[in-house]
Amino acid sequence: MLRAAVAAAWAAVALAACSAAPADSGATGSGPESTSGATSAAPPAATWSGLSACPGEQRAYQCGVLRVPLDRADPGTGSVDLNVAVGGSRGADRTMLFLTGGPGQGGVAAAERVIPRFAQVGASQRIVLLDQRGTGAGALRCPELQQQMRSSDLTVPSDGAVTACAATIGEGRAHYATSDTVADLEDLRAALGAETWSLDGVSYGSYVAQRYAAAHPDRVDRLVLDSVVPVTGFDPLLTDVYPEVARVLRAVCDQSRCAGDPAEALNATVKRWPDLSPVLLDVITGMSVADPTFSGLVPALLQAAAGQDQPIRAFARGWQSGDQTEASSLSQGLHASTLCLDLEFPWGGADSDPAGRRATVDAKVAGVPPERLFPFDRTAATGNGEVMTCRSWPRTPDAWSAADAQATVTALASLGPRTLILAGDRDLSTPLVWARATAAAMPSSRLVVVPGVGHSVQSRGGGSAAAEASRFLLTG
(Lines give C-alpha, C1' and ligand atoms only; values in the text may rest on other atoms or scores of the structure.)
Protein backbone atom coordinates (compact mmCIF):
# COMPACT_ATOMS: atom_id res chain seq x y z
CA MET A 1 0.00 0.00 0.00
CA LEU A 2 1.06 3.61 -0.22
CA ARG A 3 2.38 3.22 3.27
CA ALA A 4 3.08 6.28 5.42
CA ALA A 5 4.61 4.54 8.42
CA VAL A 6 8.11 4.51 6.93
CA ALA A 7 8.24 8.15 8.06
CA ALA A 8 8.11 7.14 11.71
CA ALA A 9 11.67 5.83 11.62
CA TRP A 10 12.90 9.08 10.14
CA ALA A 11 10.81 11.47 12.23
CA ALA A 12 13.81 12.18 14.47
CA VAL A 13 15.77 13.40 11.46
CA ALA A 14 13.83 16.69 11.37
CA LEU A 15 16.51 18.82 9.77
CA ALA A 16 16.19 22.33 8.36
CA ALA A 17 14.77 22.44 4.83
CA CYS A 18 16.46 24.31 2.01
CA SER A 19 15.70 28.00 2.00
CA ALA A 20 17.38 29.41 -1.11
CA ALA A 21 15.17 31.95 -2.92
CA PRO A 22 14.26 31.31 -6.55
CA ALA A 23 16.39 33.25 -9.02
CA ASP A 24 15.11 35.12 -12.06
CA SER A 25 16.64 32.64 -14.49
CA GLY A 26 14.59 29.46 -14.94
CA ALA A 27 14.71 26.04 -16.52
CA THR A 28 11.80 24.68 -18.45
CA GLY A 29 10.96 21.00 -17.93
CA SER A 30 9.18 18.73 -20.36
CA GLY A 31 5.81 19.22 -18.76
CA PRO A 32 2.94 16.88 -17.90
CA GLU A 33 3.27 13.11 -17.78
CA SER A 34 3.69 11.83 -21.32
CA THR A 35 5.92 9.50 -23.28
CA SER A 36 9.39 11.01 -23.75
CA GLY A 37 9.68 12.73 -27.11
CA ALA A 38 5.93 13.34 -27.57
CA THR A 39 5.00 16.69 -29.10
CA SER A 40 2.70 18.97 -27.10
CA ALA A 41 2.08 22.62 -26.36
CA ALA A 42 4.80 24.23 -24.23
CA PRO A 43 3.93 23.84 -20.54
CA PRO A 44 4.16 26.68 -18.03
CA ALA A 45 7.82 27.13 -17.12
CA ALA A 46 9.34 25.95 -13.87
CA THR A 47 12.02 28.20 -12.36
CA TRP A 48 15.16 27.04 -10.60
CA SER A 49 17.13 28.91 -7.95
CA GLY A 50 20.39 27.15 -8.65
CA LEU A 51 22.36 25.45 -5.89
CA SER A 52 24.13 26.94 -2.87
CA ALA A 53 25.26 25.65 0.51
CA CYS A 54 22.44 24.21 2.60
CA PRO A 55 21.73 25.94 5.93
CA GLY A 56 22.41 24.61 9.42
CA GLU A 57 23.37 21.00 9.94
CA GLN A 58 23.14 20.19 6.24
CA ARG A 59 25.92 22.59 5.25
CA ALA A 60 27.88 19.72 3.70
CA TYR A 61 25.27 19.53 0.93
CA GLN A 62 23.89 21.97 -1.61
CA CYS A 63 20.29 23.12 -1.68
CA GLY A 64 17.99 24.80 -4.15
CA VAL A 65 14.32 25.51 -4.81
CA LEU A 66 12.37 24.41 -7.86
CA ARG A 67 9.25 26.51 -8.34
CA VAL A 68 6.57 24.68 -10.36
CA PRO A 69 2.99 25.57 -11.36
CA LEU A 70 0.33 24.17 -9.04
CA ASP A 71 -1.80 23.46 -12.13
CA ARG A 72 0.11 23.18 -15.40
CA ALA A 73 -3.12 23.68 -17.35
CA ASP A 74 -3.85 26.96 -15.57
CA PRO A 75 -0.75 28.87 -14.41
CA GLY A 76 -2.97 31.47 -12.78
CA THR A 77 -3.71 29.10 -9.89
CA GLY A 78 -0.26 29.78 -8.40
CA SER A 79 2.92 27.83 -7.83
CA VAL A 80 4.53 25.35 -5.45
CA ASP A 81 8.10 25.52 -4.13
CA LEU A 82 9.95 22.19 -3.99
CA ASN A 83 13.06 22.09 -1.81
CA VAL A 84 15.98 20.09 -3.20
CA ALA A 85 19.18 18.77 -1.57
CA VAL A 86 22.22 17.49 -3.51
CA GLY A 87 25.20 15.53 -2.20
CA GLY A 88 27.77 13.11 -3.49
CA SER A 89 30.01 14.13 -6.38
CA ARG A 90 28.41 17.40 -7.37
CA GLY A 91 30.13 17.79 -10.75
CA ALA A 92 29.53 14.19 -11.83
CA ASP A 93 27.99 13.25 -15.16
CA ARG A 94 25.69 10.67 -13.51
CA THR A 95 22.85 11.49 -11.12
CA MET A 96 20.76 9.38 -8.73
CA LEU A 97 17.41 10.64 -7.40
CA PHE A 98 16.26 9.09 -4.12
CA LEU A 99 12.47 9.18 -3.65
CA THR A 100 10.98 8.88 -0.17
CA GLY A 101 7.61 7.34 0.65
CA GLY A 102 4.17 8.09 1.96
CA PRO A 103 2.67 9.70 0.01
CA GLY A 104 3.49 12.62 2.26
CA GLN A 105 7.09 12.13 3.41
CA GLY A 106 9.56 14.89 2.67
CA GLY A 107 12.97 14.06 1.24
CA VAL A 108 15.30 16.91 2.19
CA ALA A 109 15.18 16.15 5.92
CA ALA A 110 16.37 12.61 5.16
CA ALA A 111 19.51 13.76 3.30
CA GLU A 112 21.89 13.23 6.21
CA ARG A 113 20.57 9.71 6.64
CA VAL A 114 20.34 8.71 2.98
CA ILE A 115 23.39 10.24 1.31
CA PRO A 116 26.02 8.62 3.59
CA ARG A 117 24.32 5.25 3.04
CA PHE A 118 25.24 5.57 -0.65
CA ALA A 119 28.86 6.63 -0.16
CA GLN A 120 30.05 4.37 -2.99
CA VAL A 121 27.51 5.83 -5.38
CA GLY A 122 28.23 9.35 -4.17
CA ALA A 123 31.91 9.00 -5.02
CA SER A 124 31.05 9.16 -8.72
CA GLN A 125 27.44 10.41 -8.92
CA ARG A 126 25.29 13.25 -7.67
CA ILE A 127 22.68 12.14 -5.13
CA VAL A 128 19.49 14.21 -5.14
CA LEU A 129 16.55 14.31 -2.74
CA LEU A 130 13.53 16.60 -2.87
CA ASP A 131 10.40 17.48 -0.97
CA GLN A 132 7.70 16.36 -3.38
CA ARG A 133 4.81 18.82 -3.67
CA GLY A 134 2.82 19.09 -0.44
CA THR A 135 5.60 17.64 1.77
CA GLY A 136 8.47 18.80 3.96
CA ALA A 137 8.71 22.55 4.47
CA GLY A 138 5.76 23.00 2.10
CA ALA A 139 3.62 20.32 3.74
CA LEU A 140 -0.14 20.43 3.41
CA ARG A 141 -1.30 20.83 7.00
CA CYS A 142 -4.52 19.34 8.35
CA PRO A 143 -4.10 19.39 12.17
CA GLU A 144 -7.07 17.21 13.11
CA LEU A 145 -6.40 14.53 10.49
CA GLN A 146 -2.68 14.63 11.32
CA GLN A 147 -3.39 14.11 15.02
CA GLN A 148 -5.66 11.17 14.31
CA MET A 149 -3.56 9.35 11.70
CA ARG A 150 0.04 10.41 12.47
CA SER A 151 2.21 8.26 10.15
CA SER A 152 -0.35 5.58 9.31
CA ASP A 153 -2.59 5.10 6.30
CA LEU A 154 -4.69 2.42 8.01
CA THR A 155 -5.75 4.21 11.19
CA VAL A 156 -9.44 5.02 10.83
CA PRO A 157 -10.03 8.81 10.84
CA SER A 158 -13.27 10.60 11.64
CA ASP A 159 -15.39 11.83 8.73
CA GLY A 160 -15.11 15.34 10.13
CA ALA A 161 -11.31 15.31 10.11
CA VAL A 162 -11.26 14.14 6.49
CA THR A 163 -13.74 16.68 5.17
CA ALA A 164 -12.13 19.49 7.19
CA CYS A 165 -8.78 18.62 5.64
CA ALA A 166 -10.21 18.66 2.11
CA ALA A 167 -11.85 22.03 2.79
CA THR A 168 -8.57 23.46 4.12
CA ILE A 169 -6.67 22.40 1.00
CA GLY A 170 -9.52 23.57 -1.23
CA GLU A 171 -9.85 22.96 -4.96
CA GLY A 172 -6.08 22.74 -5.25
CA ARG A 173 -6.31 19.18 -3.86
CA ALA A 174 -6.87 18.06 -7.48
CA HIS A 175 -3.22 18.92 -8.24
CA TYR A 176 -1.46 16.63 -5.77
CA ALA A 177 -1.71 13.44 -7.81
CA THR A 178 1.33 11.37 -8.74
CA SER A 179 1.02 12.61 -12.32
CA ASP A 180 1.74 16.14 -11.01
CA THR A 181 4.82 14.86 -9.18
CA VAL A 182 6.03 13.06 -12.32
CA ALA A 183 5.89 16.36 -14.21
CA ASP A 184 7.76 18.04 -11.34
CA LEU A 185 10.53 15.44 -11.53
CA GLU A 186 11.00 16.01 -15.25
CA ASP A 187 11.31 19.74 -14.55
CA LEU A 188 13.90 18.95 -11.87
CA ARG A 189 15.93 16.74 -14.21
CA ALA A 190 16.05 19.54 -16.77
CA ALA A 191 16.97 22.11 -14.12
CA LEU A 192 19.87 19.95 -12.93
CA GLY A 193 21.08 19.47 -16.49
CA ALA A 194 20.96 15.68 -16.26
CA GLU A 195 20.48 13.99 -19.61
CA THR A 196 19.49 10.80 -17.78
CA TRP A 197 19.40 9.74 -14.14
CA SER A 198 18.79 6.73 -11.93
CA LEU A 199 15.80 6.57 -9.59
CA ASP A 200 15.76 4.77 -6.24
CA GLY A 201 12.28 4.79 -4.73
CA VAL A 202 11.11 3.41 -1.39
CA SER A 203 7.46 2.46 -0.82
CA TYR A 204 5.34 5.21 -2.43
CA GLY A 205 8.63 6.46 -3.86
CA SER A 206 8.80 3.22 -5.86
CA TYR A 207 5.37 4.03 -7.31
CA VAL A 208 6.53 7.51 -8.31
CA ALA A 209 9.70 6.06 -9.82
CA GLN A 210 7.72 3.61 -11.95
CA ARG A 211 5.28 6.26 -13.10
CA TYR A 212 8.17 8.54 -14.10
CA ALA A 213 10.04 5.72 -15.84
CA ALA A 214 6.95 4.79 -17.86
CA ALA A 215 6.42 8.40 -18.92
CA HIS A 216 10.11 9.13 -19.66
CA PRO A 217 11.86 5.81 -20.34
CA ASP A 218 14.69 7.44 -22.29
CA ARG A 219 15.59 9.54 -19.25
CA VAL A 220 16.05 6.57 -16.87
CA ASP A 221 19.43 4.89 -16.43
CA ARG A 222 18.71 2.52 -13.53
CA LEU A 223 15.59 1.86 -11.45
CA VAL A 224 15.65 0.59 -7.84
CA LEU A 225 12.26 -0.29 -6.35
CA ASP A 226 12.42 -0.91 -2.59
CA SER A 227 9.22 -2.14 -0.90
CA VAL A 228 7.37 -1.77 -4.15
CA VAL A 229 3.86 -0.45 -4.70
CA PRO A 230 2.44 -1.86 -7.98
CA VAL A 231 1.59 0.74 -10.62
CA THR A 232 -1.74 -0.95 -11.20
CA GLY A 233 -2.55 0.11 -7.66
CA PHE A 234 -3.93 -2.46 -5.29
CA ASP A 235 -7.25 -3.61 -3.97
CA PRO A 236 -8.21 -1.08 -1.25
CA LEU A 237 -10.20 -3.88 0.38
CA LEU A 238 -6.74 -5.45 0.89
CA THR A 239 -7.80 -8.96 -0.11
CA ASP A 240 -4.28 -9.61 -1.45
CA VAL A 241 -2.72 -8.51 1.85
CA TYR A 242 -4.64 -10.72 4.30
CA PRO A 243 -3.01 -14.03 3.24
CA GLU A 244 0.37 -12.34 3.69
CA VAL A 245 -0.57 -11.42 7.27
CA ALA A 246 -1.31 -15.06 8.04
CA ARG A 247 1.93 -16.20 6.39
CA VAL A 248 4.12 -13.69 8.23
CA LEU A 249 2.56 -14.23 11.67
CA ARG A 250 2.94 -17.98 11.32
CA ALA A 251 6.58 -17.60 10.25
CA VAL A 252 7.27 -15.42 13.30
CA CYS A 253 5.56 -17.95 15.53
CA ASP A 254 7.49 -20.87 14.03
CA GLN A 255 10.78 -19.07 14.58
CA SER A 256 10.00 -18.33 18.24
CA ARG A 257 8.32 -21.72 18.79
CA CYS A 258 5.24 -20.09 20.24
CA ALA A 259 2.22 -22.15 21.28
CA GLY A 260 -0.78 -21.98 18.96
CA ASP A 261 -1.57 -20.48 15.58
CA PRO A 262 -1.43 -16.64 15.63
CA ALA A 263 -3.46 -16.37 12.40
CA GLU A 264 -6.30 -18.42 13.86
CA ALA A 265 -6.00 -16.44 17.08
CA LEU A 266 -6.29 -13.18 15.16
CA ASN A 267 -9.34 -14.47 13.31
CA ALA A 268 -11.00 -15.58 16.55
CA THR A 269 -10.27 -12.17 18.09
CA VAL A 270 -11.85 -10.11 15.31
CA LYS A 271 -14.85 -12.42 15.16
CA ARG A 272 -15.43 -11.89 18.86
CA TRP A 273 -14.66 -8.14 18.84
CA PRO A 274 -15.22 -6.74 15.30
CA ASP A 275 -14.21 -3.25 16.42
CA LEU A 276 -10.65 -4.56 16.80
CA SER A 277 -10.42 -5.68 13.18
CA PRO A 278 -9.31 -2.39 11.53
CA VAL A 279 -7.28 -1.51 14.64
CA LEU A 280 -5.25 -4.71 14.51
CA LEU A 281 -4.83 -4.42 10.75
CA ASP A 282 -3.26 -1.01 11.37
CA VAL A 283 -1.06 -2.19 14.25
CA ILE A 284 0.20 -5.36 12.56
CA THR A 285 0.98 -3.49 9.34
CA GLY A 286 2.81 -0.79 11.28
CA MET A 287 4.83 -3.37 13.17
CA SER A 288 6.05 -4.85 9.89
CA VAL A 289 7.63 -1.45 9.26
CA ALA A 290 9.17 -0.66 12.61
CA ASP A 291 9.40 -4.03 14.44
CA PRO A 292 9.16 -7.07 12.14
CA THR A 293 9.83 -9.33 15.13
CA PHE A 294 6.25 -8.43 16.17
CA SER A 295 7.44 -8.41 19.77
CA GLY A 296 4.61 -8.93 22.27
CA LEU A 297 1.88 -9.24 19.67
CA VAL A 298 1.48 -13.02 19.47
CA PRO A 299 1.00 -13.61 23.24
CA ALA A 300 -1.65 -10.88 23.33
CA LEU A 301 -3.45 -12.44 20.36
CA LEU A 302 -3.43 -15.88 21.96
CA GLN A 303 -4.92 -14.40 25.14
CA ALA A 304 -7.60 -12.65 23.09
CA ALA A 305 -8.47 -15.90 21.33
CA ALA A 306 -9.01 -17.38 24.79
CA GLY A 307 -11.51 -14.62 25.60
CA GLN A 308 -9.33 -11.96 27.25
CA ASP A 309 -9.42 -8.77 25.17
CA GLN A 310 -7.73 -6.36 27.59
CA PRO A 311 -4.12 -7.37 26.79
CA ILE A 312 -4.56 -6.92 23.04
CA ARG A 313 -6.47 -3.65 23.46
CA ALA A 314 -3.74 -2.29 25.74
CA PHE A 315 -1.11 -3.45 23.27
CA ALA A 316 -2.85 -1.68 20.37
CA ARG A 317 -3.35 1.54 22.36
CA GLY A 318 0.30 1.59 23.37
CA TRP A 319 1.48 1.02 19.82
CA GLN A 320 -0.72 3.69 18.26
CA SER A 321 -0.09 6.30 20.97
CA GLY A 322 3.67 6.06 20.46
CA ASP A 323 3.40 7.63 17.01
CA GLN A 324 3.45 11.43 17.08
CA THR A 325 4.48 12.18 13.49
CA GLU A 326 4.13 15.83 12.44
CA ALA A 327 3.08 17.07 9.00
CA SER A 328 6.63 18.23 8.22
CA SER A 329 7.77 14.60 8.50
CA LEU A 330 4.72 13.10 6.80
CA SER A 331 1.75 15.18 5.68
CA GLN A 332 -1.60 13.43 6.07
CA GLY A 333 -3.17 16.21 3.99
CA LEU A 334 -0.94 15.30 1.06
CA HIS A 335 -1.39 11.61 1.80
CA ALA A 336 -5.17 11.83 1.52
CA SER A 337 -5.05 14.09 -1.55
CA THR A 338 -2.81 11.72 -3.48
CA LEU A 339 -4.26 8.42 -2.27
CA CYS A 340 -7.81 9.37 -3.18
CA LEU A 341 -6.73 10.55 -6.65
CA ASP A 342 -4.45 7.62 -7.48
CA LEU A 343 -6.40 4.60 -6.23
CA GLU A 344 -9.44 2.97 -7.79
CA PHE A 345 -12.04 2.01 -5.16
CA PRO A 346 -15.20 -0.07 -5.60
CA TRP A 347 -17.02 3.23 -6.17
CA GLY A 348 -14.46 4.43 -8.74
CA GLY A 349 -12.18 7.42 -8.26
CA ALA A 350 -12.28 10.74 -6.46
CA ASP A 351 -14.67 12.17 -9.06
CA SER A 352 -17.45 9.78 -7.97
CA ASP A 353 -20.49 10.87 -5.96
CA PRO A 354 -19.67 10.54 -2.23
CA ALA A 355 -23.31 9.78 -1.43
CA GLY A 356 -23.13 6.37 -3.07
CA ARG A 357 -19.69 5.24 -1.93
CA ARG A 358 -20.62 3.49 1.31
CA ALA A 359 -23.36 1.37 -0.26
CA THR A 360 -21.07 0.43 -3.14
CA VAL A 361 -18.22 -0.76 -0.94
CA ASP A 362 -20.59 -2.60 1.41
CA ALA A 363 -22.14 -4.46 -1.52
CA LYS A 364 -18.73 -5.32 -2.92
CA VAL A 365 -17.46 -6.73 0.38
CA ALA A 366 -20.67 -8.68 0.96
CA GLY A 367 -19.78 -10.71 -2.11
CA VAL A 368 -16.24 -11.55 -0.97
CA PRO A 369 -15.92 -15.12 0.41
CA PRO A 370 -14.79 -15.13 4.07
CA GLU A 371 -11.71 -17.20 3.24
CA ARG A 372 -10.36 -14.32 1.13
CA LEU A 373 -10.55 -12.08 4.20
CA PHE A 374 -8.88 -14.51 6.63
CA PRO A 375 -7.45 -13.86 9.19
CA PHE A 376 -9.50 -10.65 9.19
CA ASP A 377 -13.16 -10.09 8.34
CA ARG A 378 -15.52 -7.80 6.48
CA THR A 379 -15.01 -5.01 9.04
CA ALA A 380 -11.37 -4.68 8.03
CA ALA A 381 -12.27 -4.62 4.34
CA THR A 382 -15.00 -1.98 4.62
CA GLY A 383 -13.54 -0.01 7.51
CA ASN A 384 -9.78 0.22 7.03
CA GLY A 385 -8.25 3.69 7.07
CA GLU A 386 -7.66 3.92 3.34
CA VAL A 387 -11.27 3.10 2.48
CA MET A 388 -12.65 5.36 5.22
CA THR A 389 -10.46 8.33 4.26
CA CYS A 390 -11.36 8.26 0.58
CA ARG A 391 -14.99 7.35 1.20
CA SER A 392 -15.34 10.72 2.95
CA TRP A 393 -13.11 12.71 0.57
CA PRO A 394 -15.19 15.29 -1.35
CA ARG A 395 -15.70 14.89 -5.08
CA THR A 396 -12.50 16.00 -6.83
CA PRO A 397 -11.58 16.04 -10.55
CA ASP A 398 -9.55 12.88 -11.20
CA ALA A 399 -7.67 12.19 -14.44
CA TRP A 400 -6.09 8.80 -13.54
CA SER A 401 -7.88 5.59 -14.44
CA ALA A 402 -7.38 1.82 -14.42
CA ALA A 403 -6.70 2.03 -18.17
CA ASP A 404 -3.89 4.52 -17.50
CA ALA A 405 -2.42 2.15 -14.93
CA GLN A 406 -2.45 -0.74 -17.37
CA ALA A 407 -0.79 1.37 -20.04
CA THR A 408 1.91 2.21 -17.51
CA VAL A 409 2.51 -1.49 -16.84
CA THR A 410 2.96 -2.08 -20.56
CA ALA A 411 5.41 0.81 -20.85
CA LEU A 412 7.47 -0.51 -17.93
CA ALA A 413 7.93 -4.01 -19.34
CA SER A 414 10.90 -2.97 -21.49
CA LEU A 415 12.67 -1.44 -18.47
CA GLY A 416 13.10 -4.80 -16.75
CA PRO A 417 16.85 -5.20 -17.45
CA ARG A 418 17.44 -1.81 -15.83
CA THR A 419 15.41 -2.63 -12.70
CA LEU A 420 16.32 -3.99 -9.26
CA ILE A 421 13.43 -4.86 -6.92
CA LEU A 422 14.06 -5.20 -3.17
CA ALA A 423 11.62 -6.73 -0.70
CA GLY A 424 11.52 -7.86 2.91
CA ASP A 425 9.74 -11.16 3.46
CA ARG A 426 7.99 -9.78 6.57
CA ASP A 427 6.72 -6.58 4.98
CA LEU A 428 2.93 -6.23 5.30
CA SER A 429 2.82 -2.58 4.27
CA THR A 430 3.96 -3.40 0.73
CA PRO A 431 3.82 -7.20 0.91
CA LEU A 432 6.06 -9.64 -0.89
CA VAL A 433 3.24 -10.65 -3.24
CA TRP A 434 3.36 -7.13 -4.72
CA ALA A 435 7.10 -7.37 -5.34
CA ARG A 436 6.69 -10.74 -7.04
CA ALA A 437 3.90 -9.40 -9.27
CA THR A 438 5.99 -6.35 -10.22
CA ALA A 439 8.98 -8.55 -11.06
CA ALA A 440 6.79 -10.81 -13.20
CA ALA A 441 5.49 -7.79 -15.12
CA MET A 442 9.04 -6.56 -15.82
CA PRO A 443 10.90 -9.39 -17.60
CA SER A 444 14.64 -9.51 -16.84
CA SER A 445 14.27 -7.40 -13.70
CA ARG A 446 16.02 -8.80 -10.61
CA LEU A 447 14.13 -9.44 -7.37
CA VAL A 448 16.11 -9.67 -4.12
CA VAL A 449 14.15 -10.84 -1.06
CA VAL A 450 15.73 -10.14 2.33
CA PRO A 451 14.62 -12.67 4.99
CA GLY A 452 13.44 -11.53 8.41
CA VAL A 453 13.12 -7.91 7.28
CA GLY A 454 10.00 -5.80 6.91
CA HIS A 455 9.49 -2.51 5.08
CA SER A 456 12.22 -0.29 3.55
CA VAL A 457 14.95 -2.89 3.23
CA GLN A 458 17.74 -0.48 2.22
CA SER A 459 17.54 1.12 5.65
CA ARG A 460 16.59 -1.96 7.67
CA GLY A 461 18.28 -4.83 5.84
CA GLY A 462 21.51 -4.74 7.82
CA GLY A 463 23.38 -2.99 5.01
CA SER A 464 23.16 -5.86 2.52
CA ALA A 465 20.25 -4.39 0.56
CA ALA A 466 21.82 -0.92 0.39
CA ALA A 467 25.07 -2.51 -0.81
CA GLU A 468 23.13 -4.46 -3.45
CA ALA A 469 21.45 -1.27 -4.63
CA SER A 470 24.78 0.60 -4.73
CA ARG A 471 26.40 -2.10 -6.89
CA PHE A 472 23.45 -1.98 -9.25
CA LEU A 473 23.44 1.81 -9.49
CA LEU A 474 27.16 1.83 -10.32
CA THR A 475 26.86 -0.56 -13.27
CA GLY A 476 26.74 0.47 -16.89
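Number of residues in the stretch 449-466 that are within 22 Å of V220 (Cβ to Cβ) and assigned to a helix (DSSP H, G or I): the value is 4. Which one is modelled with the lowest pLDDT among residues in the stretch 121-160 that are out of contact with any Ser or Thr (no Cβ under 7 Å at 6 or more places or on another chain) and within 14 Å of C340 (Cβ to Cβ)? Only one residue fits best here, namely D153.
In the set (1) over 16 Å from the mean Cα position of the chain (by Cα); (2) not charged (D, E, K, R); (3) not in a strand (DSSP E or B), the condition left unmet by A110 is number (1). The residues listed here are R426, R418, R436, R391; of these, the one that is modelled with pLDDT of 95 or more, among the basic types (K, R) and not assigned by TED's automatic domain parsing to the domain that holds R72 is R391.
Among the conditions (1) charged (D, E, K, R); (2) outside any helix (DSSP H, G or I); (3) farther than 16 Å from V202 by Cβ, the only one that D427 does not satisfy is (3).
For every residue, the table says whether it meets (1) in contact with a Ser or Thr (Cβ under 8 Å, 6 or more places away or on another chain); (2) among the small types (G, A, S).
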{"site": "A363", "(1), (2)": "no, yes"}
{"site": "L373", "(1), (2)": "yes, no"}
{"site": "T379", "(1), (2)": "yes, no"}
{"site": "W400", "(1), (2)": "yes, no"}
{"site": "T419", "(1), (2)": "yes, no"}
{"site": "D425", "(1), (2)": "no, no"}
{"site": "P443", "(1), (2)": "no, no"}
{"site": "T475", "(1), (2)": "no, no"}
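Evaluate the following for A111: is it surrounded by fewer than 23 Cβ atoms within 10 Å (Cβ to Cβ) and either without any contact (Cβ under 8 Å) to a residue 40 or more places away in the chain or touching a strand residue (DSSP E or B) at 6+ places or on another chain (Cβ under 8 Å) (or both)? For A111, the condition - surrounded by fewer than 23 Cβ atoms within 10 Å (Cβ to Cβ) and either without any contact (Cβ under 8 Å) to a residue 40 or more places away in the chain or touching a strand residue (DSSP E or B) at 6+ places or on another chain (Cβ under 8 Å) (or both) - is not met.
For every residue, the table says whether it meets (1) of a type outside the set (A, V, I, L, M, F, W, C); (2) in contact with a Pro (Cβ under 7 Å, 6 or more places away or on another chain); (3) not assigned by TED's automatic domain parsing to the domain that holds G385.
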residue: P103; (1), (2), (3): yes, no, yes
residue: R117; (1), (2), (3): yes, no, yes
residue: V128; (1), (2), (3): no, no, yes
residue: P157; (1), (2), (3): yes, no, no
residue: L185; (1), (2), (3): no, no, yes
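Among residues of the stretch 286-302 being among the polar types (S, T, N, Q) and surrounded by fewer than 23 Cβ atoms within 10 Å (Cβ to Cβ), the one that is nearest to V241 (Cα to Cα) is T293. Taking every residue in the stretch 335-356 that is closer than 23 Å to S151 by Cα and pairing it with any residue that is of a type in the set (D, E, K, R) and surrounded by fewer than 17 Cβ atoms within 10 Å (Cβ to Cβ), at least 6 positions away or on another chain, the pairs with Cβ-Cβ distances below 8 Å are A350/R395. Look at the stretch 186-208: where a residue is on the phi > 0 side of the Ramachandran plot and a partner is crowded, with 24+ Cβ neighbours inside 10 Å and assigned to a helix (DSSP H, G or I), sitting 6+ places away or on another chain with Cβ atoms under 6 Å, you get S203/V6.
Among the residues of the stretch 152-182, those that are under 23 Å from S321 (Cα atoms), without any contact (Cβ under 8 Å) to a residue 24 or more places away in the chain and not aliphatic (A, V, I, L, M) comprise S158, G160.
The values are calculated or read from the model by the stated rules, or taken from the named source; none is laboratory data. Treat the numbers as computed from the prediction; the structure is a model and nothing was measured. Cβ sites come from the backbone with ideal geometry, for glycine too, and all protein chains shown count toward neighbours.
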